[in-house]
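Data block below; observations after.
The values are calculated or read from the model by the stated rules, or taken from the named source; none is laboratory data. Because the structure is predicted, anything quoted here is derived from the model rather than measured. With ideal geometry, Cβ positions are generated from the backbone for all residues, glycine too; neighbour counts draw on all protein chains shown. Each accessible area value is taken on the protein alone, full model and side chains, heavy atoms only, with ligands, DNA and RNA left out. Shrake-Rupley method; radii C 1.70, N 1.55, O 1.52, S 1.80 Å.
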Amino acid sequence: MAGSVQQTDVAIIGAGPVGLFAVFECGMLGLKCHVLDALGAPGGQCSALYPEKPIYDIPGHPTIAAADLIAKLEEQAAPFAPVYHLGQEVEALQRIPGGFRLATARGTAIETKAVIIAAGVGAFGPNRPPLDAIERYEGKSVFYLVSRREAFRDQRVVIAGGGDSAVDWAISLAEVAARVMVVHRRAKFRAAPESAARLDALAKAGRIDMVIPYQLSGLEGDNGQLSAVVVADLDGKTKKLAADVLLPFFGLSMNLGPIAQWGLALDHHHITVAPATCMTSAEGIFAIGDIATYPGKLKLILSGFAEAALAAHAIYPLVHPGEALHFEYSTTKGVPGKV
Ligand SMILES: Cc1cc2nc3c(=O)[nH]c(=O)nc-3n(C[C@H](O)[C@H](O)[C@H](O)COP(=O)(O)OP(=O)(O)OC[C@H]3O[C@@H](n4cnc5c(N)ncnc54)[C@H](O)[C@@H]3O)c2cc1C
């Protein structure tokens, strides 16, 4: 609904796992939420970067695929009828009498009594390798994330990078791809030791080709379809790897975007919060999940979930001044509105 001003108790910026769970926590306290996200679908990093990967440290789920976790969080939030505004970056946040006014890039305006910023790493995007005309191949044969491993069945895949994503996807795609080649500048990988050992074993077994020490140098192909990836060694000597797909995994660029201009106390691209409430330096504005920092912060989904509960309880008296909030277990009160 672009154009009109909408009213709510809480505006949640970011529909990642933590923003979605904040809808539930606020809902349990009777607080109505609008949720805004720059991406076209909910789920944040889980949906955009690793939907098929299993997560092992969500309490109560010995293993759950990232996309399934997001589907469950949406289901858990649904009884509270959150209003989603997807594909809309929040550009402006200003204080007005009694609360705040948010404006998105697409002209949606929301007036709210409190704000929860659950914006993860901000407007995130992959670090792109500086290769000539790479944009012609992006989305056709160069991908910065794997949303469906099957898409690479019987393909010749070049993976570039030395971190967890490069190593994990090399191991996983070795099961379906015709060939997997890993390009890295040095022999050591910045990955979990067990994964690095597994990569090494697959390379020794001839299931993965290690292209080391090399770095990406150029792309060859037609109409966006790669035919070869050119790599160069440390002396600049090049060679061609016949390939159908390139997956560069050089991490995420963190860009707080407009959030950096909102006058909140920051610490190295993160928003500083009071650990007991997750309130930022501005009264009424809270930050939770990856974007929030305090001493001892662990950037884990489970920490974000707990922060969502803290923020919701701290917001209640702002929305209902003078009303006592009686702490209740969900087993006692059930889920209001759920049949
Ligand atoms: C490959 C990989 C594996 C991982 N594995 C695990 C794991 O096993 N266990 C674990 O606990 N964690 C894991 N993580 C980390 C986990 O994904 C993050 O901790 C989690 O996604 C943080 O959730 P969030 O909701 O705070 O932020 P995000 O998931 O980053 O979502 C933030 C959302 O905010 C939106 N946004 C940002 N700025 C704006 C704006 N101005 N306007 C509108 N929207 C905005 C973004 O578009 C995004 O959708 C992993 C991460 C990666 C990359």
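Mind checking which residues of the range 8-18 are more than 11 Å from the chain's Cα centre (by Cα) and either of a type in the set (Gly, Ala, Ser) or open to solvent by 20 Å² or more (accessible area, probe 1.4 Å) (or both)?
Asp9, Ala11
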- Glu25 vs. criteria more than 15 Å from the chain's Cα centre (by Cα) and near the ligand (Cβ under 8 Å from one of its atoms): no
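Is at least one residue of the range 289-306 in a strand (DSSP E or B), within 14 Å of the ligand (Cβ to nearest atom) and open to solvent by 50 Å² or more (accessible area, probe 1.4 Å)?
Here is the first cut: in the range 289-306, the ones in a strand (DSSP E or B) are 292-293.
When the remaining residues are screened for being within 14 Å of the ligand (Cβ to nearest atom), the result is 292-293.
Cutting the leftovers down to open to solvent by 50 Å² or more (accessible area, probe 1.4 Å) gives us none.
Checking the range 289-306: not a single residue is in a strand (DSSP E or B), within 14 Å of the ligand (Cβ to nearest atom) and open to solvent by 50 Å² or more (accessible area, probe 1.4 Å).
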- Query: Looking at Ala187, is it at pLDDT 95 or above and either crowded, with 22+ Cβ neighbours inside 10 Å or not charged (D, E, K, R) (or both)?
  - Reply: no
- Query: Restricted to the range 309-328, and to residues that are over 11 Å from Leu29 (Cα atoms) and over 28 Å from the mean Cα position of the chain (by Cα), which residue is surrounded by the most Cβ atoms within 10 Å (Cβ to Cβ)?
  - Reply: Leu318
- Message: If I filter the range 194-203 for residues that are assigned to a strand (DSSP E or B) and touching a helix residue (DSSP H, G or I) at 6+ places or on another chain (Cβ under 6 Å), do I get at least one hit?
- Response: no
- Item | Filter result for Asp57 (within 30 Å of Asp244 (Cβ to Cβ) and of a type in the set (Asp, Glu)) | no
- Note on Val5: of the conditions (1) over 21 Å from Ala287 (Cα atoms); (2) crowded, with 17+ Cβ neighbours inside 10 Å; (3) out of contact with any helix residue (DSSP H, G or I) (no Cβ under 9 Å at 6 or more places or on another chain), unmet is (2)
- When Pro82 is run through (1) under 15 Å from the mean Cα position of the chain (by Cα); (2) within 19 Å of Ile315 (Cβ to Cβ); (3) not polar (S, T, N, Q), the failure sits at (1)
- Being touching a helix residue (DSSP H, G or I) at 6+ places or on another chain (Cβ under 8 Å) and open to solvent by 60 Å² or more (accessible area, probe 1.4 Å) is the filter here, so list the residues in the range 204-222 that pass it. Met210
- Please note which strands (runs of 3 or more DSSP E) are completely contained in the range 225-275 and include at least 2 residues that are at positive phi. none
